[in-house]
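FYI, it's all coordinate maths here, none of it is from the lab. Keep in mind that what you see is a predicted model, and the values were worked out from it rather than measured. All Cβ positions, even for glycine, are placed from backbone atoms using ideal geometry, and neighbour counts span all protein chains on display.
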Amino acid sequence: MRPFIFETASEPQHAIELFDKNGLPAARSAVYLAGGTTLLDLMKLDVMRPEIVIDINALQHTSLGRIEANETELRLGALARMAETAEHPVVKANYPVIAQSLQLAASPQLRNMATLGGNVLQRTRCNYFRDVSNPACNKRNPGTGCAAIPGFNRRHAVLGGSDQCIATYPGDFAQALVAVNAIVELRGPKGIRTVAFATLHRQPGDTPDLETTLLPGEMITAFIVPTAPWMRRSLYLKVRDRQSYEFALASAAVALDMNGAVIREARIALGGVATVPWRSLAAETTLRDKPLDEASANAAAEAAFAEAQPLEHNAFKIALGKRTLVRALREAAALEI
Amino acid sequence: MAKIFLHGASNRVMLGRFLKDNHTVATDYGVDRRNFLVGTVSTAATPLLTRTGQPSAASSAGGPSPGAPVDLLLRVNGSDHRLTLDSRTTLLDALRDHLGLTGAKKGCDHGQCGACTVLVDGRRVLACLTLAVSMRGHEATTIEGVARKDGGLHPMQQAFIDHDAFQCGYCTPGQIMSAIGCVHEGHAIDAADVREYMSGNLCRCAAYPNIVDAIQAAKSAMRGS
């Protein structure tokens with residue numbers, strides 16, 4: 001790990017000021033430290049090399065650490081920990097897809113440490129990205145190529161990739177957020193703004209090193225989830241190489257608003273198969289005003305993966321992803337709420 | 001107990017052979033093992049000192065420089081320790097290398113194996129992914145701090161012995177700390193629950209069935225104590 005300056009922020013504006021004071025103009029070498037479970041790991045691997053680390057954990061005692069719910073929305077402070085959010089009684093009861101996406105991720109220790117804001121910003125698990133002895137990684141070193149495209153790409157994305165990068169977005173919680181139209185609140189040197197969570201992550205395209213639309217010095221302060229008729233009939237289904245403590249090979253976040261056996265609205269996002277948290281509007285559209293049965297669920301799955309582009313080792317993810325979505329839809333439809 | 005002792009004895013024999021072989025190799029080159037290690041450490045420290053000596057953009061502006069030592073008060077097992085550490089020092093390295101608390105183990109050092117599990121403010125976390133300097137205002141509890149004041153073992157420690165829940169013992173301090181956290185969190189309802197909520201602690205000896213038994217037994221004892 002390379003030497004860094006360690007700063008501790010006492011309240012949100014202080015954190016921004018520390019970033020401004022220390023980070024700019026070399027803004028890209030300053031980082032905020034929350035749970036540290038991605039950052040410390042990647043600093044030890046020499047993948048991330050910040051010169052300034054600004055500890056924002058003390059802000060947990062502000063609104064950034066709180067979970068609040070009312071009739072219209074759920075507000076999740078960005079410094080709430082994964083474990084406490086997953087076990088929050090209101091989140092569990094009324095926003096099951098969110099609770100489950102957190103519960104099925106990582107290990108109990110990591111969930112005790114990792115924050116919600118840090119969770120959505122976790123970096124890919126692409127081994128070529130994580131291994132600095134591999135010279136070819138457009139995400140880590142722009143312009144050096146991609147070792148995964150001709151290499152071992154079993155865990156890589158079949159959706160949203162480019163000829164520059166096919167690294168899978170590894171998280172689970174973000175799939176739940178993107179499915180249910182969450183909003184993300186950001187705070188930075190230029191003030192506070194809110195944007196659709198769906199616009200936070202960028203597909204790799206020609207600039208795989210730019211992973212989000214965050215501006216220099218901006219931090220996530222909260223996620224706002226509007227209540228909706230489909231929310232209680234929601235779930236997160238995750239398929240992995242082992243039963244626990246593993247990243248998804250394929251996952252589905254689904255939420256259904258049903259009128260008897262007929263679907264009014266469906267919300268669908270896919271994980272483990274795409275370069276970003278992947279909302280499938282095509283799959284949602286096929287289900288509107290249809291009864292949820294094997295035929296309609298299969299049609300939704302076909303639509304979700306119509307644009308999939310397999311490589312040598314990851315073609316299985318298309319079949320696995322479709323089956324995961326079909327099972328998730330059928331389980332959601334069968335929920336007693 | 002007989003089985004544990006046997007494993008311990010055979011491990012010691014193997015360790016002895018390993019050290020003896022290594023020692024022989026080292027002295028062939030006229031360097032003994034201890035001096036070789038001391039030499040390595042001081043060499044490793046040199047680039048760091050050079051780095052901190054270089055003025056950075058921030059230090060020229062009057063701020064701190066990367067790698068400058070940081071003072072902190074680290075509270076562990078009820079005692080405060082005043083330390084001056086490189087800001088890169090993890091809680092795990094501070095415990096092991098600066099406080100001599102070598103119970104928490106460095107397995108993977110990347111948050112994957114759970115051998116470094118300790119409690120921070122009562123919650124189980126990974127000491128290898130925690131910066132020591134971020135521990136201001138918090139308290140760590142390690143395996144060295146869980147026994148009773150009269151020296152009696154914590155019910156979880158006793159249960160691991162009673163149920164033969166380890167072989168080599170390397171992962172055991174992390175397993176026990178994680179298990180204590182698991183019970184406190186209310187996640188030891190049945191065997192399946194224990195397996196899921198202990199998934200962050202790997203055991204290469206695969207003592208898992210006995211670990212599950214030990215945790216379920218200790219749960220009752222912890223409730224009673």
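When the residues of segment A:2-16 are filtered to those that are among the charged types (D, E, K, R) and closer than 21 Å to residue A:220 by Cβ, which remaining residue is surrounded by the most Cβ atoms within 10 Å (Cβ to Cβ)?
A:7
Taking segment A:161-179 on its own, how many of its residues are buried (at least 24 other Cβ atoms within 10 Å of the Cβ) and either farther than 27 Å from residue A:105 by Cα or over 13 Å from the mean Cα position of the chain (by Cα) (or both)?
Matching residues across segment A:161-179 total 4.
Restricting the search to segment A:231-279, which residues are among the β-branched types (Val, Ile, Thr) and over 14 Å from residue A:125 (Cβ atoms)?
Listed by number, the residues that qualify are A:239, A:254, A:262, A:263, A:268, A:276.
Name the pairs: first residue in segment B:201-225 and touching a residue at least 40 places away in the same chain (Cβ under 8 Å), second residue basic (Lys, Arg) and in a loop (DSSP other than H, G, I, E, B), Cβ to Cβ under 7 Å, at least 6 apart or on different chains?
Pairs found: none.
Would you mind listing the helices (runs of 4 or more DSSP H) fully within segment A:53-108 where at least 3 residues are over 19 Å from residue A:15 (Cβ atoms), within 14 Å of chain B (Cβ to nearest Cβ) and in contact with a helix residue (DSSP H, G or I) (Cβ under 7 Å, 6 or more places away or on another chain)?
A:82-86
Step by step: first the residues of segment B:63-106, then only those that are among the small types (Gly, Ala, Ser) and surrounded by fewer than 18 Cβ atoms within 10 Å (Cβ to Cβ), then the one that is nearest to the chain's Cα centre (by Cα). Which residue is that?
B:100
Look through segment B:194-209, keep the residues that are surrounded by fewer than 19 Cβ atoms within 10 Å (Cβ to Cβ) and more than 11 Å from chain A (Cβ to nearest Cβ), and return whichever of them is nearest to the chain's Cα centre (by Cα).
Taking the candidates together, the pick is B:204.
Pairs needed: first member in segment A:239-261, within 12 Å of another protein chain (Cβ to nearest Cβ); second member anywhere, polar (S, T, N, Q) and surrounded by fewer than 24 Cβ atoms within 10 Å (Cβ to Cβ); C-beta distance under 8 Å; at least 6 residues apart or different chains.
That search, which allows pairs on different chains as well, returns A:244/B:199; A:245/B:199.
Among the numbered conditions (1) outside any strand (DSSP E or B); (2) under 18 Å from residue A:181 (Cα atoms), tell me where residue A:264 comes up short.
(1)
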